[in-house]
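Input: a single structure, listed below in structure tokens.
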Amino acid sequence: MDNRKIGVFDSGVGGLTVVSEIYKQLPNEEIIYFGDTERSPYGSKPKETIHMYTKQIVKFLKSFDVKMIVIACNTATIISIEELREELDIPIIGVVQGAISMALLTTKNNKIGIIGTEHTIKSEIHETLLKKENDKIDVFSKACPLLVNIAEEGLSDTDIGFYACKHYVDSLVQNGVDTIVLACTHYKLHENNFKKILDCSIKIVDPAIKTAENLSEILTEKNMLRCTHSKPIHEFYVSGVESKFSEIYGLIFNENCKAKKVDLS
Ligand code: DGL
């Protein structure tokens, strides 16, 4: 038993899509979330800058004595997880591995589309890991930088969100993919658009589901689940405007959260 909280972070509101899965799969756990909304988007910033940000965030989360850290951001996972894992004395997981296993289970025609930030797509990590498992798989990738800002502005379910999503996924559809991996945690917030745009034969993979499963497995295996009947109390911190974050939280969860502003730099 370990009643400490789980630290979760992202460049902004995208990681809330992972929080949503944690709420579903581990309803008794408590979360401390940090959204780096002031410095978002990460996707096109220099690697060194993102690495510095992630180190500051991990230090902040560690100051709450969290029992585990979830990097709810593909970009930060790709850039920083290896080094953080070596430095930390608590378990840390990211969102990339879950995407691979889910995509392999989902595709029928071995044509997989990956959408993510510029860093994520340039890293070719998904392609490398997928081909390692099955060299017959064809991967078609597309960086979709605008989708993060649109989600941060709460504009996913507007014409702007719809046409931006359409613009980005059209070429993947033309390549005949039957599976599209949301390799950026913000993109789940555009799910309604993808559902409208994509034929129902094209499946959307949301790695958050597998990430929460991995989290659950680790906590169970290490005997670290929270074990008390008191209602979990979650905490939310942001580097930008608190009310903007809380508004998007409300859109996702239909309830309010009180986010607090902190300056990590
Ligand atoms: N949500 C993040 C990801 O999964 C980062 C998006 C960004 O800040 O560019 O990559």
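Comparison of Gly116, Gly94 shows that the only residue that is within 19 Å of Val169 (Cβ to Cβ) and crowded, with 24+ Cβ neighbours inside 10 Å is Gly116.
Determine, yes or no, whether Thr37 is in a loop (DSSP other than H, G, I, E, B) and under 16 Å from the mean Cα position of the chain (by Cα). Walk me through how you get there before you give the answer.
On the way: in a loop (DSSP other than H, G, I, E, B): yes; under 16 Å from the mean Cα position of the chain (by Cα): yes.
Against the criterion (in a loop (DSSP other than H, G, I, E, B) and under 16 Å from the mean Cα position of the chain (by Cα)), Thr37 qualifies.
Considering region 35-51, and only residues there that are surrounded by fewer than 18 Cβ atoms within 10 Å (Cβ to Cβ) and closer than 16 Å to Glu82 by Cβ, the residue that is farthest from the ligand (Cβ to nearest atom) turns out to be Glu48. Considering region 7-34, the residues that are in a helix (DSSP H, G or I), polar (S, T, N, Q) and within 16 Å of the ligand (Cβ to nearest atom) include one that is farthest from the chain's Cα centre (by Cα), namely Ser20.
Conditions tested, residue by residue: (1) among the charged types (D, E, K, R); (2) under 15 Å from Glu153 (Cα atoms); (3) outside any helix (DSSP H, G or I); (4) modelled with pLDDT under 95.
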| site | (1), (2), (3), (4) |
| --- | --- |
| His229 | no, no, yes, yes |
| Ile233 | no, no, yes, no |
| Phe236 | no, no, yes, no |
| Gly240 | no, yes, yes, no |
| Glu247 | yes, yes, no, yes |
| Asn256 | no, no, yes, yes |
| Leu264 | no, no, yes, yes |
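Applying a threshold of 9 Å to beta carbon distances and a minimum spacing of six or more residues, or different chains, the list of pairs starting in region 227-255 at a residue that is without any contact (Cβ under 8 Å) to a residue 40 or more places away in the chain and ending at one that is of a type in the set (D, E, K, R) and open to solvent by 20 Å² or more (accessible area, probe 1.4 Å) reads Glu242/Lys258; Glu242/Lys260; Glu242/Lys261; Ser246/Lys258. Scoring Thr106 on the criteria (1) modelled with pLDDT of 95 or more; (2) within 16 Å of the ligand (Cβ to nearest atom) leaves a single failure, condition (2). Only one of the numbered conditions (1) within 15 Å of the ligand (Cβ to nearest atom); (2) without any contact (Cβ under 8 Å) to a residue 24 or more places away in the chain; (3) open to solvent by 40 Å² or more (accessible area, probe 1.4 Å); (4) not aromatic (Phe, Trp, Tyr) is not met by Ile78, and that is (2).
For region 168-184, filtered to residues that are touching a Leu at 6+ places or on another chain (Cβ under 8 Å) and part of a helix (DSSP H, G or I), the residue that is nearest to the ligand (Cβ to nearest atom) is Tyr168.
The values are calculated or read from the model by the stated rules, or taken from the named source; none is laboratory data. In this text, all values refer to a predicted model and were calculated from it rather than measured experimentally. A quick note on method: Cβ atoms are made from the backbone with ideal geometry, for glycine too, and the neighbour counts reach across all protein chains shown. The area values use the complete protein model at the heavy-atom level, side chains included, leaving out ligands, DNA and RNA. Shrake-Rupley method; radii C 1.70, N 1.55, O 1.52, S 1.80 Å.
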